[in-house]
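Mind having a look at this structure? Questions to follow.
The values are calculated or read from the model by the stated rules, or taken from the named source; none is laboratory data. Model, not experiment: these values are computed from the prediction. Every residue, glycine as well, gets a Cβ built from its backbone with ideal geometry; the counts of neighbours run over all protein chains shown.
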Amino acid sequence: MSYYHGRIKESSDIMEASVLEWIGYSASAIIALSLLITNLWYFRWINLVGAALFSLYGVLIGAPPVAILNGLIAAIDAYFIVQMTRRVDYFHYLTVTFKDSPFLRYFLRYYTRDIGHFFPRFYPEKLSPDQKYTFVLRNAVSVGVFSYHVDGDCAVIDLDYTIPAYRDLKNTRYLIREALDEEFRQQGIRRLCTYTTVARHIAYIKKMGFTEDAEQPNLYRLDLPMK
């Protein structure tokens, strides 16, 4: 009996050690993932989960420094998440043209590689130099730029780019619902249209409410006014 009890205890110890290892590996992977996140809101949440899991790991293996340090990191993440939740963002917009705005030309050059990932067919040089571009200002920071041309009752989006640190739905929602609403009405625009085959861009516009056209693949539409 003692032999079997010994084997059972040994097997139990091995399983327990394996579980602890996986908790440690998972916590490490989550924290490493958080370091790749450019959006501060998502970074805080993912880092919080990883730090909390690492703190639990420290408790389970009897390592107080690991538990205390990561518990403190989780508490700091939670604090900043609460602060960001309470913060009020102030939006404004500024419309310029490629011809008249040195800052627009600089902005497009600075983010040209990232813009190309989402809008591979966008080349400002091929558009009219008088085409309008609308900057979204969020707490006085230029966080994105939007441009379109009119085709019938549709505003065909040439560019809807947001810088990495501010990638949420708030910027474009502000533009469509408030900043450009009257402009769309005056031009008889009833929907937004965009062509894309980029998976990350498709996921984003679907969150905005765009749906793919049944007859034209890669064409997505959003009826106005936006809900």
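So which residues in the range 95-118 are at pLDDT 95 or above, hydrophobic (A, V, I, L, M, F, W, C) and in contact with a strand residue (DSSP E or B) (Cβ under 7 Å, 6 or more places away or on another chain), if there are any at all?
Val96, Leu104, Phe107, Ile115
Table: residues versus (1) modelled with pLDDT of 85 or more; (2) surrounded by 15 or more Cβ atoms within 10 Å (Cβ to Cβ); (3) farther than 30 Å from Arg167 by Cα.
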position	(1), (2), (3)
Ile23	no, yes, yes
Ile30	yes, yes, no
Trp41	no, yes, no
Ala51	yes, yes, no
Phe54	yes, yes, no
Val66	yes, yes, yes
Asn70	yes, yes, no
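May I pose another question? Quick check on this structure: which one of Thr134, Thr112, Thr97, Thr197 is among the polar types (S, T, N, Q), crowded, with 16+ Cβ neighbours inside 10 Å and out of contact with any Cys (no Cβ under 8 Å at 6 or more places or on another chain)?
Working: Thr112 fails: crowded, with 16+ Cβ neighbours inside 10 Å; Thr97 fails: crowded, with 16+ Cβ neighbours inside 10 Å; Thr197 fails: crowded, with 16+ Cβ neighbours inside 10 Å.
None of the others qualify; the one that does is Thr134.
Mind checking which residues of the range 68-109 are of a type in the set (S, T, N, Q) and in a helix (DSSP H, G or I)? Give the steps one after another, and end with the answer.
Taking the range 68-109 and keeping what is of a type in the set (S, T, N, Q), we get 70, 83, 85, 95, 97, 101.
Those that are of a type in the set (S, T, N, Q) and in a helix (DSSP H, G or I): Asn70, Gln83, Thr85.
Go through (1) over 15 Å from Asp153 (Cα atoms); (2) in a helix (DSSP H, G or I); (3) of a type in the set (A, V, I, L, M, F, W, C) for Phe184 and report which single condition fails.
It fails just one condition, (1).
I'd like the residue in the range 163-188 that is of a type in the set (A, V, I, L, M, F, W, C) and under 14 Å from Ser147 (Cα atoms) and, out of all such residues, is farthest from the chain's Cα centre (by Cα). Explain how you work it out, then say what you get.
Residues of the range 163-188 of a type in the set (A, V, I, L, M, F, W, C): 163, 165, 169, 175-176, 179-180, 184.
Restricting the remaining residues to those that are under 14 Å from Ser147 (Cα atoms) gives 175-176, 179-180, 184.
Values: Leu175: 17, Ile176: 18, Ala179: 21, Leu180: 22, Phe184: 26 Å.
Selected residue: Phe184.
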